[in-house]
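Trainee: My structure is below; once you've seen it, I'll send some questions.
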Amino acid sequence: MSTPSLAALPIRRLTPRDLVACADLSQDRGWPREEHKWGLLLTAGRGYGIDAPDGGLVSAYVVTEYGPWERPALGAIGMVLVAERYARRGVGRRLMRHVLSSMGTTPLTLHATPNGRPLYEELGFKTTGRAEMVRGHFVPGGFTPSVSTRAATAEDLPAILRLDEEVFGADRTHIITRLPAFADQLRVAEDGGRIIGYAGAWPNMTTQVVGPLVARDTETAQALIASLAAHTDHPLRTDLDVRHEELLTWVKRHGLDSVAFNAIMTYGIPELPGDWSRRFAPLTVAAG
């Protein structure tokens, strides 16, 4: 039998049963397997992929929608991967055209690596911001937070959801309500009994990823990061909006080093909704 062409292979919906295949695909491209993150994305978002004739996946991507179910306000695209043996054969372009077709008029966003950015620009995505990935062991170095923080409780969830929607610009209930099970830590910052920020830290291979990080101001973000670091022995990793220059300078002074830059891109909207001044880091770049 002849092997079908790549263009003839159907794109299908992925399910949690495809988690290992997705992790294998990540590893094939030199990424960490990230099974914990894949598990979240395949349940909170919608994954699509192409099955390889020789087993495994040719490619995959995930889109996570926010806002009303019947009319999403935003779709975040992530984990766009093509197996090395099928690279440079138009598969990535086909996947992205599938995204654009299936999402209709829903505005889209993604974090693009330097390698991926030209394709997204060709398809009509515009660069509207940048994020800097930093990583390392946080060193307090005499830092004394000026804002009170504590572990979040179940009673805090309604206030966290209200704050998150206000700052993010769309309802993320289906993601935020998964944080207590997904993250190792979920902490809030308070002022006079009112929640003014929150942050999670979740396991990703050998690091703890700080995200989401939503805070009233830089001092609140600093307090949340320091409190998360105080409750783990692992190095921290996070992706900070580069407009938060003061926070970036501060984390580098306290042990985190710059690793990479990604372009924040949008399609169908001139910029992301919400309040960027209080949105410091995404849950994950794959889901916004």
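The values are calculated or read from the model by the stated rules, or taken from the named source; none is laboratory data. Just so it is clear, the model here is predicted, and its values are computed rather than measured. Neighbour counts run over all protein chains shown; Cβ positions are idealised from the backbone, glycine included. With ligands, DNA and RNA removed, areas are computed over all heavy atoms of the protein, side chains included. Shrake-Rupley method; radii C 1.70, N 1.55, O 1.52, S 1.80 Å.
Trainee: Spin-label point model (7 Å from Cα, Cβ direction): what's the Thr128 to Ala159 distance in nm?
Mentor: In this crude spin-label approximation the distance works out to 3.0 nm.
Trainee: Moving to a separate point now. Take the Cα of Glu84, step 7 Å along the line toward its Cβ, and report every residue of the stretch 91-123 whose backbone nitrogen sits under 15 Å from that point.
Mentor: Taking a point 7 Å out along Cα→Cβ of Glu84, no residue of the stretch 91-123 has its backbone N under 15 Å.
Trainee: Top to bottom by accessible area (1.4 Å), largest first, where do Leu272, Leu25 land?
Mentor: Of Leu272, Leu25, the descending order of accessible area is Leu272, Leu25.
Trainee: Probe 1.4 Å, all protein chains in place: accessible area of Asp28 in Å², nearest 10?
Mentor: 70
Trainee: Can I ask one more? In sequence order, what are the phi-derived ³J(HN,Hα) couplings for the stretch 107-117 according to the Karplus relation 6.51 cos²θ - 1.76 cosθ + 1.60 with θ = phi - 60°, rounded to whole Hz, with x for glycine and proline?
Mentor: x, 10, 9, 7, 9, 10, 6, x, 5, x, 4
Trainee: Expressed as a whole number of Å, what is the distance separating the alpha-carbon centroids of the stretch 227-288 and the stretch 132-210?
Mentor: 13
Trainee: Using the Karplus curve 6.51 cos²θ - 1.76 cosθ + 1.60 with θ = phi - 60°, what ³J(HN,Hα) values do you get for each residue of the stretch 66-75, in whole Hz, with x for Gly and Pro?
Mentor: Listing the rounded values in order: 10, x, x, 4, 7, 8, x, 7, 6, x Hz.
Trainee: For the stretch 67-182, rounded, prolate or oblate, judged on the Cα gyration tensor with a ≥ b ≥ c (square roots of eigenvalues), a/c < 1.5 rounded, else prolate if a/b > b/c?
Mentor: Judged from the Cα gyration tensor, the stretch 67-182 comes out oblate (a/c at least 1.5, b/c at or above a/b).
Trainee: Test of understanding: in a Gaussian network model of the chain with alpha carbons linked when under 10 Å, which of Ala260, Ala199, Ala154 would top the mean-square fluctuation ranking?
Mentor: So, out of Ala260, Ala199, Ala154, the one fluctuating most is Ala154.
Trainee: Continuing with this model, one more query. Given labels modelled 7 Å from the Cα in the Cβ direction, how far is it in nm from Asp233 to Ile269?
Mentor: Simple spin-label model gives 4.2 nm for this pair.
Trainee: Then there is this: If one computes the Cα centroid of the stretch 7-31 and of the stretch 58-111, what distance in Å separates the two points?
Mentor: For the stretch 7-31 versus the stretch 58-111, the Cα centre distance is 13 Å.
Trainee: Using 0.36 nm per residue of separation minus the Cα-Cα distance, give me the extension gain between Arg93 and Glu70 in nm, one decimal.
Mentor: Length gained, Arg93 through Glu70: 5.6 nm.
Trainee: A follow-up question, please. Report, in deg cm²/dmol and to the nearest 500, the calculated mean residue ellipticity at 222 nm for the chain, where each DSSP H run with n ≥ 4 adds -39500 (n - 2.57) and the sum is divided by the residue count.
Mentor: Helix-only estimate at 222 nm: -8000 deg cm²/dmol.
Trainee: Now a separate question. Using a 1.4 angstrom probe on the protein heavy atoms only, line up His137, His254, His174 by accessible area, largest first.
Mentor: The most accessible residue leads, giving His137, His174, His254.
Trainee: Out of the stretch 1-85, which GluC sites (Glu not before Pro) are coil in DSSP terms and have no more than 10 other C-beta atoms within 10 Å?
Mentor: Qualifying residues, ordered by number: Glu70.
Trainee: Also, quick follow-up: Any idea of Thr220's accessible area? Nearest 10 Å², probe 1.4 Å.
Mentor: 0
Trainee: In addition: Please turn the phi angles of the stretch 23-31 into ³J(HN,Hα) values with the Karplus equation 6.51 cos²θ - 1.76 cosθ + 1.60 (θ = phi - 60°), one per residue in order, whole Hz, x for glycine and proline.
Mentor: Result, ordered by residue: 5, 4, 5, 4, 5, 4, 8, x, 8 Hz.
Trainee: On to the next question. I'd like the FRET efficiency for Asp191 and Thr249, computed as 1/(1 + (r/R0)^6) with the beta carbon distance as r and R0 of 30 Å, rounded to 0.05.
Mentor: On the way: r = 24 Å, r/R0 = 0.79.
Working from the Cβ atoms, E equals 0.80.
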